[in-house]
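Beneath this line is the structure, given in structure tokens, with notes to follow.
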Amino acid sequence: MLKRVFLPVFLATTALPGQMAGQQAVADEDFMSEMEWRSIGPANMAGRVTDIEGVPGTGTFFIAGATSGIWKTTNHGTTFRPVFDNERVISMGDLAIAPSNPDIVWAGSGEEDSRNSISPGGGIYKSVDGGLTWELKGLEGTQAIGRIVVHPTKADWVYVAALGHPWGDNEERGLYRTKDGGDTWERVNFVSDKAGFVDIDMHPRNPDILWATSWERVRGPYFLQSGGPGSAIWKSTDAGDTWEKVEGNGLPETMLGRLEIAIAPSYPRIMYAVVEAEAPDEADENGDRNASGLYRSEDGGETWEFMNASNSRPFYYSGAWVSPDDPDFLYWSSLFFSRDGGRTVGNPAQGVHVDYHALWWDSSNPDHFILGNDGGIAITWDRGGNFEFPNRIPMGQFYAVSYNMDTPYRVCGGLQDNYTWCGPSERAGGAIDNHMWYSIGGGDGFYAPQDPTNPDIVFGESQQGRIYWRNTRTGERHQLRQPDWRERTQALRDSIAVLSGDDPDDPPAANVAQIEELQALVAQDSALFDMRFNWNTPLEMSPHDPQTLYIGANRVLKWTYDTDEMTPISDDLTYADPEKIEVAYGTTGGITPDVTGAENFATLVSLAESKMNEGELYAGTDDGRVWRTPEGAEWIELTDRFEGVPEGTYVSRIEPSSHDPNRFYVTFDNHRRDDYIPYVYATDDGGETFRSIASNLPAGAPDFVHVIREDPVNPDLLFVGTDVGAYMSTDRGGSWSRFMNGLPTVPVHDLRIHPREREIIAGTHGRSIFVADISLLQELDGGRLPEAITVFDPKTAIQYGDPPVGGEFIAQSAFQGRGRVRGRGLVFHPRGCRRSTGGSGP
């Protein structure tokens, strides 16, 4: 194994050369254990929560994160710890605690709130020790689990509402039941391979009575379809042996979408249903056209009354929760509440993050409940009058990260529904806490490139290419304007109007030729400047000139400080399928239209400039096209050169080499077509030919690839981020190894390698940002460990101070990210040694 000798800062100028002799394979656990990821946060904003479950009256509750696993507290939220870090999947749909034995906890993987960035799950897990350890208990093919209910007295009886694949049809969906603690499962209700179940509720006084809802929904690369003939409400009176569809009697009789049921614990004859439904063509006898909204029953579900139409974005929210002691007090959707059974509606939780997905009510103290939303949780002890936000859980869902060249270097990145944030990679002394992180812009955040020559300048963006730069020292903020063909052609169209006279259909003959010439210019400009931007618009700051920013729309755009304009420098590089564009930009959503930009299609999604040749650009689209332009010349399409990649597959990343101008790497992500295979390719001849280097990367779970990076020092060293972790190769993709020491199972959406500090930065979509020292890997020759005693080149130690920040006593209720161990370390590899001694840290 490696040995470390820790040297203080005053020996920082000492240098020992590396000695490479005979070598052994790098697959050495001792060697790899020296490279550990450290979490630097942030925890300020937390992340999306799908469920909360607690043990009434105890201070113990669990949080299910959409892509951050499971967190547990035993002290009312003063501290939290992750308890689901090392399983095969990380996305969570629902939790359940056995009422008769709180040590038994069930976790249904796979988020049911079917947004564009969800991650699939892989079955249901069971813990018998309060969440400390977990066992997979089956249902792996369901991918999304909406609800779990455990019998109040029979802990082995469990019901599971399995929604099924979000991106395609599959048979393994429906209502499942086990009577032996998950050893075997029976499907007790099945609708179709397109419709699964999203909710199941048990009568609080008679466990034989069950209510459930099925939901027909599917996502595609450019659409969401919520609703269909498979959506319905169901009831069983024999513990799930048989089921009857519940229709009419006040419920909509049109096409249904997502549905949720809630039964009042204190008076079960009162029930609520949150309904998504098509509006009827004709009004009823009262002149109403009731459809989507909140419905109430006062006779145990025999008849229903429409209460109000409040039901925002049903595919994403749709929950309903009734107070344990008041059948008229409830919360639903995102976020409404009523104290009179839904007759009047209020907007609660002021000052708390919006977009609600979960609520747990403490039945022993109805004044106490916990909300879960896109920004973590909010805790109330006065029935919703006031809330506490425990911003100490690093659940940030980053899409992209960047670094600058400060000392210590700063990390910035954008998150799902939680803005764009920046913070330090380390401190001279102490931990990295929330004081050190700050937001530079709102909305959903994505790319955030930083000027390497000016540490004050950071670019940011929100959805659909709303780009800006921010001076972090002065606070100055400047918005970049997107090209607008209407504005650019206004003068031309005004001239046409003048030349056309009083009758545009019959202009003066002398003006016809000039009008036609101007119309041609309008058509040309409208085609050139009619832009489509992806939800997650790629930005590339030129590695050769930080005054230049490249932007991916449906064309590549170039922006400079001098011009302050986005200028098209390519044709439309997508297939621009008009039918798909019409759906994506006009009708997506299904029963409830949801044209927010999340399904924007026929756009660029990956963009890079050669690190060796200025102006040589690479571009990839969401409809499967790959392009290259040598030094700004004519664009060359490479799409048909990737053997084995299905047509139309999303191009997730293009990575030009730092070592060979003819080498670059391309990854594809086809999970939006229900394909989870890792597609990773490389070329050494400028794109004439490509070879797959996916090699032994895992496949069979959510193993699709988000990003690939080549090390700037060692040309053989590669890293990829998948939807469940990070992998490395020391032989340029010949084989891959897990690179997860200290990194939990989590989607890794971005990776960056700092050239000076020799550290890799991981932007995870669920556990914020991690950093690892890779200097030892950079020194490997041909991906092999040395056999002789070898001293690795130590990293340069830099002494610096921290600006004053914070300083108050924080007790235990605060997030603290890890900084590096200070000083300079010597690392050597003694041949045949199996144990490590000495200090820790580089």
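The values are calculated or read from the model by the stated rules, or taken from the named source; none is laboratory data. Treat the numbers as computed from the prediction; the structure is a model and nothing was measured. When we count neighbours, we look across all protein chains shown, and the Cβ atoms used for this are built from the backbone with ideal geometry, even at glycine. What goes into the accessible areas is simple: the full protein's heavy atoms, side chains included, and nothing from ligands, DNA or RNA. Shrake-Rupley method; radii C 1.70, N 1.55, O 1.52, S 1.80 Å.
Key figures for this structure:
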item: Residue satisfying all of: in the range 555-566; touching a residue at least 60 places away in the same chain (Cβ under 8 Å) and not aromatic (Phe, Trp, Tyr); surrounded by the most Cβ atoms within 10 Å (Cβ to Cβ) among these; result: LEU557
item: Residue satisfying all of: in the range 751-774; touching a Pro at 6+ places or on another chain (Cβ under 7 Å) and part of a strand (DSSP E or B); surrounded by the fewest Cβ atoms within 10 Å (Cβ to Cβ) among these; result: ILE753
item: Extreme residue, nearest to VAL626 (Cα to Cα), among residues of the range 680-705 that are part of a loop (DSSP other than H, G, I, E, B) and in contact with a helix residue (DSSP H, G or I) (Cβ under 9 Å, 6 or more places away or on another chain); result: GLY687
item: Residue within the range 179-187 that is open to solvent by less than 20 Å² (accessible area, probe 1.4 Å) and over 24 Å from GLY319 (Cα atoms) present; result: yes
item: Subset of the range 188-203 [surrounded by fewer than 18 Cβ atoms within 10 Å (Cβ to Cβ) and more than 19 Å from THR242 (Cβ to Cβ)]; result: ASP193
item: Members of the range 140-178 found to be in a loop (DSSP other than H, G, I, E, B), open to solvent by 60 Å² or more (accessible area, probe 1.4 Å) and touching a Gly at 6+ places or on another chain (Cβ under 9 Å), listed by number; result: ASP156, GLU171, GLU172
item: Residue that is out of contact with any His (no Cβ under 6 Å at 6 or more places or on another chain) and surrounded by 22 or more Cβ atoms within 10 Å (Cβ to Cβ), where the choices are GLY130, GLY108; result: GLY108
item: Matching residues in the range 699-745 - criterion: being at positive phi and at pLDDT 95 or above; result: GLY725, ARG732, GLY733, GLY742
item: Residue satisfying all of: in the range 49-79; part of a loop (DSSP other than H, G, I, E, B) and not polar (S, T, N, Q); farthest from HIS765 (Cα to Cα) among these; result: GLY57
item: Hits in the range 601-622 (condition: more than 30 Å from ARG258 (Cα to Cα), small (Gly, Ala, Ser) and either without any contact (Cβ under 8 Å) to a residue 24 or more places away in the chain or assigned to a loop (DSSP other than H, G, I, E, B) (or both)); result: SER610, GLY615
item: Residue that is within 30 Å of ALA682 (Cα to Cα), crowded, with 20+ Cβ neighbours inside 10 Å and of a type in the set (Asp, Glu), where the choices are GLU599, GLU637; result: GLU599
item: Single residue of the range 573-596 satisfying the filter (part of a loop (DSSP other than H, G, I, E, B) and acidic (Asp, Glu)) that is most open to solvent (accessible area, probe 1.4 Å); result: ASP577
item: Residue within the range 481-498 that is surrounded by fewer than 20 Cβ atoms within 10 Å (Cβ to Cβ), modelled with pLDDT of 95 or more, part of a loop (DSSP other than H, G, I, E, B) and of a type in the set (Asp, Glu) present; result: no
item: Residue among GLY501, GLY475, GLY460, GLY465 that is open to solvent by less than 60 Å² (accessible area, probe 1.4 Å), under 30 Å from TYR585 (Cβ atoms) and without any contact (Cβ under 8 Å) to a residue 60 or more places away in the chain; result: GLY460
item: Residue count, the range 602-627 (criterion: charged (D, E, K, R) and open to solvent by 30 Å² or more (accessible area, probe 1.4 Å)); result: 3
item: Some residue of the range 667-679 being among the aromatic types (Phe, Trp, Tyr), part of a loop (DSSP other than H, G, I, E, B) and open to solvent by less than 20 Å² (accessible area, probe 1.4 Å); result: no
item: Matching residues, the range 694-708, being farther than 17 Å from GLY734 by Cβ, open to solvent by 10 Å² or more (accessible area, probe 1.4 Å) and touching a strand residue (DSSP E or B) at 6+ places or on another chain (Cβ under 8 Å); result: HIS706
item: Close pairs (8 angstrom Cβ cut-off, 6 or more residues apart or separate chains): within 16 Å of TYR650 (Cα to Cα) and at pLDDT 95 or above in the range 576-600, among the acidic types (Asp, Glu) and part of a loop (DSSP other than H, G, I, E, B) anywhere; result: ASP577/ASP623; LYS580/ASP623; ALA584/GLU599
item: Residue among ILE432, ILE440, ILE393 that alone is open to solvent by less than 20 Å² (accessible area, probe 1.4 Å), on the phi < 0 side of the Ramachandran plot and free of Cβ contacts under 8 Å to residues at least 40 places away in the same chain; result: ILE440
item: Checklist (1) touching a Pro at 6+ places or on another chain (Cβ under 8 Å); (2) farther than 25 Å from ARG313 by Cα applied to GLY69, failing item; result: (2)
item: Selection from the range 207-247 of residues that are more than 21 Å from TRP304 (Cα to Cα), part of a loop (DSSP other than H, G, I, E, B) and open to solvent by 40 Å² or more (accessible area, probe 1.4 Å); result: ASP208, TYR222, ASP238, ASP241, THR242
item: Selected residue (criterion: nearest to GLY384 (Cα to Cα)) from residues of the range 324-352 that are surrounded by 20 or more Cβ atoms within 10 Å (Cβ to Cβ) and in contact (Cβ under 8 Å) with a residue 60 or more places away in the chain; result: LEU330
item: From ARG289, ARG313, residue being basic (Lys, Arg) and at pLDDT below 95; result: ARG289
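A quick yes/no check of all residues on (1) buried (at least 22 other Cβ atoms within 10 Å of the Cβ); (2) more than 27 Å from SER214 (Cβ to Cβ); (3) out of contact with any helix residue (DSSP H, G or I) (no Cβ under 9 Å at 6 or more places or on another chain):
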{"position": "GLY300", "(1), (2), (3)": "no, no, yes"}
{"position": "SER312", "(1), (2), (3)": "no, no, yes"}
{"position": "VAL322", "(1), (2), (3)": "yes, no, yes"}
{"position": "ALA358", "(1), (2), (3)": "yes, no, yes"}
{"position": "HIS368", "(1), (2), (3)": "no, yes, yes"}
